[in-house]
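Taking it in order: structure first as C-alpha cells, then the write-up.
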Amino acid sequence: MTTTILVLIEDTLAPVDVRHLLELHEGEELTYRVLVPADTDRPLLPTIVDNLGLGELKEALDRLRGKEPSDTQARATAAEQLAATLAEFAAVGRDATGEVVADDPLPALRAAVAAGDVREVAIVTYPHAWEDTFHQDWASRARDVLDVPVLHLYSGTSELG
C-alpha cells in the first residue's frame, strides 16, 4: 500500500529540501503531494518583523504601504513555485503531484487528510520570527487541527521548526 506525504511549501523547494524530505523515509514507497498557497494577504506586523529581521527594508516599506499581490499575480507565482518543485522531485526520480490552494492553507490540509491515505504532513518554510515564536505558523496551527504527524522544516537547512 502506498501512502502519501503531504508537503506544504511557501516557496520553491531547493534540491537540498527535496533531499531532506526523501531521506526521512529512505527505502519506503511513498507518494508526495505538494500544496502551494496563493499568498495574497500576509499579516502586517509579522511580515514587517520578518522583513526587518532579514534586512529587507524595501519589502517592509512596501508592506507598510499596503502593496500585496493581486489574486492573479499570487496564483501565477504559486503555480511557478509548484512547477519548479515538482521538477525538483522529478530530477531525483520521484513522482509528485500538487496544486495551488487558497491563501490560508489549513482548509486544504484538513481536506487532504480527511480524504485519507495521508501519513504525515511536512511543512517547509523560511523562519518567521513572529509567527514561529507565538505559534501562529502553519505547522503549529496544523498540529492543533490534524490527526497526523506534522513536521516543520526550515527551507535550505536541516533545521526543524
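Taken together, the values in this text are just the output of simple stated rules run on the coordinates, not laboratory data. Bear in mind the structure is a predicted one, so any value in this text is a computation, not a measurement.
Points to keep in mind about this one:
- Summarising the amide proton neighbourhood of residue 56: residues at separation of 5 or more, or on other chains, whose placed amide H is nearer than 5 Å comprise an empty set.
- Amide H to amide H distances under 5 Å link residue 152 with 123, 161, where only residues 5 or more positions off or on other chains count and H is placed in the peptide plane.
- Whole-Hz ³J(HN,Hα) from phi, Karplus 6.51 cos²θ - 1.76 cosθ + 1.60, for the range 102-112, glycine and proline x: 4, 3, 8, x, 4, x, 5, 4, 4, 5, 5
- 5 angstrom amide H check on residue 7, placed H, neighbours 5+ away: 33, 34, 35, 122
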